[in-house]
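Undergrad: Handing you a structure now.
The values are calculated or read from the model by the stated rules, or taken from the named source; none is laboratory data. In this text the structure is predicted, and so the values were computed from the model without any measurement. Virtual Cβ from ideal backbone geometry, glycine too; neighbours counted across all protein chains shown. Keep in mind that these areas ignore ligands, DNA and RNA; they rest on the heavy atoms of the full protein, side chains included. Shrake-Rupley method; radii C 1.70, N 1.55, O 1.52, S 1.80 Å.
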Amino acid sequence: MITREIRLAAQITGIPTLDHFAVAETEVDGEVLVRTDQVGLAATYLELMRADCTLPVPAWQPGRRVGVAVTGTVVRSDSPELAVGDLVQSMAGWSEYSAGPAAGYVKLDRGLFADPGYHLGQGPTAYYGMADVAAVGEGDVVFVSGAAGGVGSLAGQIARCLGAARVIGSAGSPAKVDYLVDELGYDAAFDYHDGSAADRLGELAPEGISVFFDVVGGEQYDAALQAARPGARFALCGSLASQLGDAAERFPKPDRAAAEAKGIELLPFSCYHTPDQIAAWREHFNTWLGEGRFIYPQTVVEGGIEDVPRAFLWLLQGSYRGNVSVRLS
């Protein structure tokens, strides 16, 4: 059948715009045919759209479909493994329909979560970074940068569930600060536009932090260095503060000398959403939801496939809270 998809019109250098994307028609056919219901969005995708992509996977090429994780409904199947009506997840990307072998689709339990969009979140990254990399436990004082985003909004809650004594977050507006404290259970939060991050963190964690979960870098990394206790663990997940520069600017080298002087462990990591990482996250997430200790922060944008690039650009500008997806109408 003929379907519409979003392709990368040109690899991105500098600030991304709608001109970097194009709507195209294509024919899809395969063992199963799946209607895309919801498209997941993440800031990481921007790096994959760059010619100088620094991730250990191939960059997306102009003229090819973009996007990764989606959920959808099987509308035709020649496979005994999948039936019409099954909810599935795949890496089919930004298209109205996809088709292929049944092995390319993972069947999901419609009753596992309240919303199928929960499957598209950044939970595996947040859980792996907080539980396995930073090894958060009883008594830790945790600082999460970019705490209202897809990863940060989950990371802070995970830290609390793992026994952290105090969780502090940073965000980009007063409304997001209120959201962190009033809805996500952060003990304290600050707007990084409101004065020195080092001063604010010093006020909120006068005895220092033992864990830093960083998705921003820049000034907030420097502030965490000042506030860190000897032996603190820094789980370094990203550098949103400099995501629009060239490769060297996007991923600046951390100040290792200052960290080593305080005995800080610098722990850069990537999460590839392996089956084991996804299973570990879902097991704990489902338990914490059932105990009423966790909420899933998300923004769902309603629209057609042609609206996905615009939603992606708004995500990069910090216009949304939590994990972001587009539900296709």
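Undergrad: Residues being modelled with pLDDT of 90 or more, among the polar types (S, T, N, Q) and within 21 Å of residue 10 (Cβ to Cβ): count how many of those fall in region 29-65.
TA: 1
Undergrad: With the checklist (1) of a type outside the set (Gly, Ala, Ser); (2) within 18 Å of residue 300 (Cβ to Cβ); (3) surrounded by fewer than 20 Cβ atoms within 10 Å (Cβ to Cβ) in hand, flag the one item residue 118 doesn't pass.
TA: Going through (1) of a type outside the set (Gly, Ala, Ser); (2) within 18 Å of residue 300 (Cβ to Cβ); (3) surrounded by fewer than 20 Cβ atoms within 10 Å (Cβ to Cβ) one by one, residue 118 breaks only (3).
Undergrad: Before we move on, is residue 65 open to solvent by 30 Å² or more (accessible area, probe 1.4 Å), touching a Phe, Trp or Tyr at 6+ places or on another chain (Cβ under 7 Å) and under 24 Å from residue 2 (Cβ atoms)?
TA: On the way: open to solvent by 30 Å² or more (accessible area, probe 1.4 Å): yes; touching a Phe, Trp or Tyr at 6+ places or on another chain (Cβ under 7 Å): yes; under 24 Å from residue 2 (Cβ atoms): yes.
Yes.
Undergrad: Assess whether residue 49 counts as being open to solvent by 50 Å² or more (accessible area, probe 1.4 Å) and either in contact (Cβ under 8 Å) with a residue 40 or more places away in the chain or under 23 Å from residue 268 (Cα atoms) (or both). Let's see the steps before the verdict.
TA: Details: open to solvent by 50 Å² or more (accessible area, probe 1.4 Å): no; either in contact (Cβ under 8 Å) with a residue 40 or more places away in the chain or under 23 Å from residue 268 (Cα atoms) (or both): yes.
No, not satisfied.
Undergrad: Say we look at region 159-179 and pick out the residues that are closer than 19 Å to residue 285 by Cβ, part of a helix (DSSP H, G or I) and out of contact with any His (no Cβ under 9 Å at 6 or more places or on another chain); which of these is most open to solvent (accessible area, probe 1.4 Å)?
TA: Top of the filtered list is 160.
Undergrad: With a cut-off of at least 2 residues that are at pLDDT below 95, under 16 Å from the mean Cα position of the chain (by Cα) and closer than 22 Å to residue 214 by Cα, name the strands (runs of 3 or more DSSP E) lying wholly within region 247-329. Full working, then the answer.
TA: Details: elements: 265-268, 298-303, 323-328.
In region 247-329, no matching strands (runs of 3 or more DSSP E) lie anywhere.
Undergrad: Continuing with the same structure: Only one residue in 155, 126, 131 is surrounded by fewer than 23 Cβ atoms within 10 Å (Cβ to Cβ), closer than 19 Å to residue 278 by Cβ, within 17 Å of the chain's Cα centre (by Cα) and at pLDDT 95 or above. Which one?
TA: Values: 155 fails: surrounded by fewer than 23 Cβ atoms within 10 Å (Cβ to Cβ); 126 fails: surrounded by fewer than 23 Cβ atoms within 10 Å (Cβ to Cβ).
Exactly one residue qualifies, and that residue is 131.
Undergrad: Any residue at all in region 91-109 that's hydrophobic (A, V, I, L, M, F, W, C), within 17 Å of the chain's Cα centre (by Cα), within 23 Å of residue 276 (Cβ to Cβ) and surrounded by 24 or more Cβ atoms within 10 Å (Cβ to Cβ)?
TA: No: region 91-109 contains no residue that is hydrophobic (A, V, I, L, M, F, W, C), within 17 Å of the chain's Cα centre (by Cα), within 23 Å of residue 276 (Cβ to Cβ) and surrounded by 24 or more Cβ atoms within 10 Å (Cβ to Cβ).
Undergrad: With the condition kept exactly as written, say whether any residue in region 3-16 is in a strand (DSSP E or B), small (Gly, Ala, Ser) and in contact with a Leu (Cβ under 8 Å, 6 or more places away or on another chain). If you could, list the steps in order and put the result at the bottom.
TA: The first filter runs over region 3-16 and keeps only residues in a strand (DSSP E or B), leaving 3-8, 12.
Next cut, small (Gly, Ala, Ser) only: none.
No, because not a single residue in region 3-16 is in a strand (DSSP E or B), small (Gly, Ala, Ser) and in contact with a Leu (Cβ under 8 Å, 6 or more places away or on another chain).
Undergrad: With respect to residue 325, is the statement that it is in contact (Cβ under 8 Å) with a residue 40 or more places away in the chain, more than 15 Å from residue 127 (Cα to Cα), open to solvent by less than 70 Å² (accessible area, probe 1.4 Å) and small (Gly, Ala, Ser) true? First the steps, then the outcome.
TA: Numbers: in contact (Cβ under 8 Å) with a residue 40 or more places away in the chain: yes; more than 15 Å from residue 127 (Cα to Cα): yes; open to solvent by less than 70 Å² (accessible area, probe 1.4 Å): yes; small (Gly, Ala, Ser): yes.
Yes; evaluated as a whole, the condition is true for this residue.
Undergrad: Sticking with this structure for a sec: With the condition kept exactly as written, say whether any residue in region 188-204 is closer than 30 Å to residue 280 by Cβ, within 19 Å of the chain's Cα centre (by Cα), modelled with pLDDT of 95 or more and crowded, with 18+ Cβ neighbours inside 10 Å.
TA: Checked region 188-204: no residue is closer than 30 Å to residue 280 by Cβ, within 19 Å of the chain's Cα centre (by Cα), modelled with pLDDT of 95 or more and crowded, with 18+ Cβ neighbours inside 10 Å.
Undergrad: To continue, here is another question. Residues 13, 17, 26: which one is of a type in the set (Val, Ile, Thr), within 20 Å of residue 317 (Cα to Cα), surrounded by fewer than 20 Cβ atoms within 10 Å (Cβ to Cβ) and at pLDDT 95 or above? Spell out the reasoning first.
TA: Details: 13 fails: at pLDDT 95 or above; 26 fails: within 20 Å of residue 317 (Cα to Cα).
The conditions single out 17.
Undergrad: So for region 37-54 (the condition being outside any loop (DSSP other than H, G, I, E, B), within 21 Å of residue 324 (Cβ to Cβ) and aromatic (Phe, Trp, Tyr)), does at least one residue qualify? Can you show your working first?
TA: Filtering region 37-54 down to residues outside any loop (DSSP other than H, G, I, E, B) leaves 37-41, 44-48, 50.
Restricting the remaining residues to those that are within 21 Å of residue 324 (Cβ to Cβ) gives 37-41, 44-48, 50.
Add one more test, that the residue is aromatic (Phe, Trp, Tyr), and what stays is 45.
Checked region 37-54: at least one residue is outside any loop (DSSP other than H, G, I, E, B), within 21 Å of residue 324 (Cβ to Cβ) and aromatic (Phe, Trp, Tyr).
Undergrad: Identify, by number, the condition in (1) in contact with a strand residue (DSSP E or B) (Cβ under 9 Å, 6 or more places away or on another chain); (2) in a helix (DSSP H, G or I) that residue 33 doesn't meet.
TA: It is condition (2) that residue 33 fails.
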